[in-house]
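Reviewing the structure listed below.
The values are calculated or read from the model by the stated rules, or taken from the named source; none is laboratory data. The structure presented is a predicted model; accordingly, all values stated were derived computationally and were not measured. No Cβ is skipped: glycine too gets one built from the backbone with ideal geometry, and neighbour counts run over all protein chains shown.
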Amino acid sequence: MLKATLRSFFAHKGRMLLSALAVVLSVAFVSGSLIFSDTVSRTFDRLFASTAADVAVSPKEAFEQNRGFSSGLVPTLPASVAEDAAKVPGVEDVHLDVEVDNLTVTDAENEPLGRTTGPPTIATNWYVSDRSPVELSDGREPAGAGEALLDKDTADRKDIGIGDKLNVIAQPGTFEAEVVGIAKFTTTNPGATVVYLETAAAQRQLLEKPESADPEAGDAAPATSVSVDAAPGVSDAQLKKRVKEALGGEYAVQTADEQAKSAAEELGTFLDIIKYVMLGFAGIAVLVGIFLIVNTFSMLIAQRTRELGLMRALGADRRQVRRSVLTEALLLGLAGSTLGLLSGIGLAAGLIETMGLLGMNLDAAEMVVSWLTPVLAYAVGVGVTFVAAYLPARRAARVSPMAALADLEIAEVGRPMRVRAVLGSVLGVLGAASFVLCATADRTRDSAVYLVGGVVLTMLAVVAAGPLLVRPVIRVLGGWFPRIFGSVGALSQRNALRNPRRTGATAVALMVGLALVGGMSVAAASMTKSFDEEIDRTLGADFLVQSDNFGPFPREVTERVKDAEGVGLVVRQRFAPLRVTLPDGEKTSTSAGAFDKELDKVSRLEYAEGDTGAALAPGHVGLQRQFARDHGIRIGSTLEVEFSNGKKAELTVGALTKQETSGGFGAAGGFFLGMQTLEEYLPGGQEAVVFVNAAGGTDVDRLRASLESGLADFPQVKVRDQADFKELIREQIVVLLYLVFALLGLAIVIAVLGVVNTLALSVVERTREIGMLRAIGLSRRQTRRMIRLESVVIAVFGALLGLVLGLAWGAGVHEVLALEGMRAFAIDWTVQLAVVIGSVLVGLLAALLPALRASRLNVLAAIAHE
Amino acid sequence: MSTPAALDRREAGPPAGVAARAGGLTKTYGSGETAVVALDAVDVEIGRARFTAVMGPSGSGKSTLMHCLAGLDTVTSGRVWLGDTEITGLGERELTRLRRDRIGFMFQSFNLLPTLNALENITLPMDIAGRRPDPEWLDRVVGTLGLRDRLDHRPSQLSGGQQQRVACARALASRPELIFADEPTGNLDSRSGLEVLGFLREAVDRLAQTVVMVTHDPGAAAHSDLVLFLADGRIVDEMPQPTADAVLERMKRFDGVRKS
């Protein structure tokens, strides 16, 4: 029996090819994402471990700041800490560290060196120790103010060499520095643009002296941290204890391991997101792959009905037949997984290469393939194939010995689909119910859970009922074929209708990817529209001055804005990361906006209770009504608030807004307070937005020109009016959307393979029929057209199912977004239309080879075929 | 265009003209020592409005002869004409058009498209060509073959004999110059087989069609006007006005030749 199985497997290997490809792609995606994230985290673990000081002393931070809403404040400690630490017994060496990322560095053409998105620009002080991740590869060390080193990757990218001038736009002021040397990373370069300055210059030019600095610290400039190295024989933990005792509890003291761990944790969250997103798409690829494999096995078994019948007639029992088919699946799974694992390694290499293009240079990294990767790869590959082949295998086992004798065409065609109808309706009703719950839920989280339930259930419903929809939909869809394409059109339409199960399964595979595309596009369009409306409703300023990545910028920008000709009113906005203890005991980390008190003149906030004056009054705070209601907060409630520097305050709720959008993730509650309040607790931050109104009688175009010329030295900030601002928001959403589309592309590729597969097997199955048609005068071109049209009708059917489902899903997503305040609903019809047109192209593409094969069919061999 | 007067040609005497002709027709498969000669310089003429049967033992080349005459297969050497058209040397596209417009086919099985009903199957060659069938002629063919109340049935709803009658109607419907039938009764029970043969006979007698039938059933051959016997790629004998017994006797001699 095994021999027969093996023979059969190898005899059909051509037909298995596309199924194997689906397994390969799914497994490649799974293993590729695992290898990539393992490699990246291992690389960074090593980097952190090798570059961390034995013990580091840094200012205490109450909690991790949300990078998206940075206050722009650089926490510092006085340089005297280093002197104190040096006196601790067991200390070998002490270094002051100055490292800031709240600056922009530009080249001679006033172009920023860093990228707007991704890794930051960092300026730091240069000293050499055995922990340095860089070495001087060219030139000399910076010897004083006005001299700098630049990292080699940036220097190469921007074509900057020794002798070139850089402009460093730092918080204390802009200064010029000449590149005197190039520093090369000896380990992984995480992608940052790094400028090195002489230590004293860095302290002076990069850091502001805090106003509340201890007068006894004298003139000593601050630092951002102090690195302490242990003498031989002193452990990091011992040293940490001694340093801590010597300095008191005012600073955070961490051993090398602890530093590496917290750095890795910070990066870990980011990597986890990448990993889960990629695994999510791998999951979709696997799902689509399952359809393809089920279809292939069903077709192979239908074609082999006679052969299986013969085996049964010769005495093979059902279990043996079933086992035989499953063994084939096992072989397919093993082969596919092996190739998939290898492709996954290639995919990971490609991703690492791509990260290199984005600035994260992982060249030095060696690829990490943990034991889990192959285990998961084989589990997914073999598991999926096995599961997918199980139903067809059972069907194979039910083939009666009589099948060997009877001249059956395709046994399964006529089987009633009552089970599918029942299953499809039940799942459909459950899915619809889930969507209703999603729409009526009050809390975002509940609504999202119902949404996921609804998406899964409706998808399964369509999967189950897909074949039932084939007849009615394709009758209509292909109804005009005969009129346009004559009898060839009629043949195509009939062929697509011939085996609804097969057509359904093929189309459904395509549907999954397209439904996700459609759903995402509805969600994105709705979000864009909501933001647009929100901007229209609330933004009253003539202009906003803002950096492209929404990050804070030096306060000098604000001064320049104020000085620009024609400026009437300037309102500053800063972000303040907060940890708020709510009356219900819950603690939430969020970011508050801090505004100047003339906020009303640049923005139209709607208040449920209170007003801007009350919210921005010293010691007060404003927030969203909905959030307040959910957490039992009322006007006059006092909230315990902790700022990022650890200072605590009791703020009184002065106003509740009707604002609905929370203003982005990580800013729950829509907290806002007065600039004065913020300065009291967290002084020295940077503005993230400056709102500008024209002075009376000044033309806005003139104002814009004067603002732009005034800000020419700060290329990182842009002057935007409302339309520009909308465009900026739109771009952010679109980029995200395209990323998702690119990943869904894989699912669609697999689905296209499915269409190819179905057509190829149909052509084989209909060899005689096609031969007969050719004999009675169907030309090659007509043969190709017949296959092509069949393919197109299947693809368009899949696309339509996908669109309908996608719109439903999009509406569901909108219900969830509405709870977050994004109430507008919009459908981007260009995307929907593109999906339909795209599916026609997909159909044509998928039919390419099968059509060629059908038209090249040897007529004589085909009609003699037995 | 045939006129009703031209239909009863049998009564009008011997057939006029030649429907298809081959000269020095040779077909070999493979090359060198393994070459197999399927047809060896065959000269043949197929009379217009006549029913010609081709017989011979397996491997005698009878199917190859039919395929070459029908433009389904290429020849190694020699020339083939359909009417006045020389088909040897025609390109794939012209051959396809020739088959579509001027030749009708009947095969042993898998004759019909399962997705089309009987009428659609019958008019398929003309639909492919984008021509409208001549309704009068179509009606006549359908009537002659007794398919009038089966036209909207799918092949799966028809018996084997009915299916073959549909195939016969399809071959006739475009009123081709020549109909090739490859073992048309091979898959039928004897009663249905007789029926189909009767219809082919009628197509020749009443509709003035030309039919070439490959068969190895002497009983089927007996319905023809002329039997051509093939052996080892050559026409070795012919028998006008055959009877089943005479054909059987002749065929037995092939066995004898082979045994000796």
Q) Is it the case that some residue within segment A:15-28 is at pLDDT below 85, surrounded by fewer than 17 Cβ atoms within 10 Å (Cβ to Cβ), under 25 Å from the mean Cα position of the chain (by Cα) and not basic (Lys, Arg)? A) no
(Q) Against the condition under 30 Å from residue A:290 (Cα atoms), surrounded by fewer than 17 Cβ atoms within 10 Å (Cβ to Cβ) and in contact (Cβ under 8 Å) with a residue 12 or more places away in the chain, how does residue A:753 come out, does it pass? (A) no
(Q) Within segment A:753-784, take every residue that is among the charged types (D, E, K, R) and under 19 Å from residue B:121 (Cα atoms) and give me the one that is farthest from the other protein chains (Cβ to nearest Cβ). (A) A:766
Q: Among the residues of segment A:477-503, count how many are more than 17 Å from residue A:769 (Cβ to Cβ), within 43 Å of the chain's Cα centre (by Cα) and facing chain B (nearest Cβ under 8 Å).
A: 0
Q | Qualifying position, being without any contact (Cβ under 8 Å) to a residue 12 or more places away in the chain, outside any helix (DSSP H, G or I) and of a type outside the set (D, E, K, R), among A:697, A:685, A:632 | A | A:697
**Q.** Positions within segment A:116-137 being touching a residue at least 40 places away in the same chain (Cβ under 8 Å) and out of contact with any helix residue (DSSP H, G or I) (no Cβ under 8 Å at 6 or more places or on another chain), in sequence order
**A.** A:116, A:117, A:118, A:119, A:120, A:121, A:122, A:129, A:134, A:135, A:136
(Q) Please determine whether any residue of segment A:562-575 is at pLDDT 85 or above and within 26 Å of the chain's Cα centre (by Cα). (A) yes
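So that you can scan it fast, the table gives a plain yes or no per residue for (1) touching a Leu at 6+ places or on another chain (Cβ under 9 Å); (2) among the hydrophobic types (A, V, I, L, M, F, W, C):
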residue: A:722; (1), (2): yes, no
residue: A:725; (1), (2): yes, yes
residue: A:729; (1), (2): no, yes
residue: A:732; (1), (2): no, no
residue: A:745; (1), (2): no, no
residue: A:775; (1), (2): yes, yes
residue: A:783; (1), (2): yes, no
residue: A:792; (1), (2): yes, yes
Q. Can you tell me how many residues in segment B:131-164 are away from every other protein chain (no Cβ under 14 Å), out of contact with any Lys or Arg (no Cβ under 8 Å at 6 or more places or on another chain) and free of Cβ contacts under 8 Å to residues at least 40 places away in the same chain?
A. 11
Q: Starting from residues that are of a type in the set (Asp, Glu) and crowded, with 19+ Cβ neighbours inside 10 Å, keep the ones in segment A:533-557 and report whichever is modelled with the highest pLDDT.
A: A:542
Q) Which members of segment B:119-130 meet the condition of being of a type in the set (A, V, I, L, M), surrounded by fewer than 24 Cβ atoms within 10 Å (Cβ to Cβ) and more than 7 Å from every other protein chain (Cβ to nearest Cβ)? A) B:119, B:126
**Q.** Residues located in segment A:128-143, provided they are within 22 Å of residue A:226 (Cβ to Cβ) and either at pLDDT below 85 or among the charged types (D, E, K, R) (or both)
**A.** A:128, A:129, A:130, A:131, A:132, A:133, A:134, A:141
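For (1) on the phi > 0 side of the Ramachandran plot; (2) surrounded by fewer than 18 Cβ atoms within 10 Å (Cβ to Cβ); (3) assigned by TED's automatic domain parsing to the domain that holds residue A:553, each residue gets a yes or a no:
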| site | (1), (2), (3) |
| --- | --- |
| A:683 | no, yes, yes |
| A:735 | no, yes, no |
| A:770 | no, no, no |
| A:778 | no, no, no |
Q: Please enumerate the residues belonging to segment A:601-614 that are closer than 14 Å to residue A:659 by Cα and in contact with a helix residue (DSSP H, G or I) (Cβ under 9 Å, 6 or more places away or on another chain).
A: A:603, A:604, A:605, A:606, A:607, A:608, A:609, A:611, A:612
Q. When residues of segment B:19-60 are filtered for being of a type outside the set (Gly, Ala, Ser), surrounded by fewer than 22 Cβ atoms within 10 Å (Cβ to Cβ) and within 14 Å of another protein chain (Cβ to nearest Cβ), how many remain?
A. 1
Q. Given the conditions (1) part of a helix (DSSP H, G or I); (2) in contact with a Pro (Cβ under 7 Å, 6 or more places away or on another chain), and given that residue A:754 satisfies all but one, which numbered condition is not satisfied?
A. (2)
Q. Name the residues in segment A:564-610 that are in contact (Cβ under 8 Å) with a residue 60 or more places away in the chain, more than 16 Å from residue A:543 (Cα to Cα) and basic (Lys, Arg), would you?
A. A:574, A:579, A:597
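Here is a yes/no grid of residues against (1) among the hydroxyl-bearing types (Ser, Thr, Tyr); (2) at negative phi; (3) modelled with pLDDT of 85 or more; (4) surrounded by 24 or more Cβ atoms within 10 Å (Cβ to Cβ):
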site	(1), (2), (3), (4)
A:496	no, yes, no, yes
A:508	no, yes, yes, yes
A:514	no, yes, yes, yes
A:517	no, yes, yes, yes
A:524	no, yes, yes, no
Q: Evaluate segment B:64-83: report whether one residue or more is closer than 27 Å to residue B:169 by Cβ, surrounded by fewer than 22 Cβ atoms within 10 Å (Cβ to Cβ), polar (S, T, N, Q) and touching a strand residue (DSSP E or B) at 6+ places or on another chain (Cβ under 9 Å).
A: no
Q | Matching entry among A:302, A:329 (being modelled with pLDDT of 80 or more, in a helix (DSSP H, G or I) and aliphatic (A, V, I, L, M)) | A | A:329
Q.
Suppose we keep only residues that are aliphatic (A, V, I, L, M) and either under 21 Å from the mean Cα position of the chain (by Cα) or closer than 16 Å to residue B:181 by Cα (or both) within segment B:103-118. Which one would you say is farthest from the other protein chains (Cβ to nearest Cβ)?
A. B:118
Q: Please determine, by comparing only the residues of segment A:367-393 that are assigned to a helix (DSSP H, G or I), small (Gly, Ala, Ser) and within 29 Å of residue A:355 (Cβ to Cβ), which one is nearest to the chain's Cα centre (by Cα).
A: A:377
Q: Might you check whether a residue that is closer than 21 Å to residue A:102 by Cα and surrounded by 17 or more Cβ atoms within 10 Å (Cβ to Cβ) occurs anywhere in segment A:595-615?
A: yes
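Which one is nearest to residue B:28 (Cα to Cα), of the residues in segment B:61-77 that are away from chain A (no Cβ under 11 Å) and over 12 Å from the mean Cα position of the chain (by Cα)?
Out of the qualifying residues, it is B:76.
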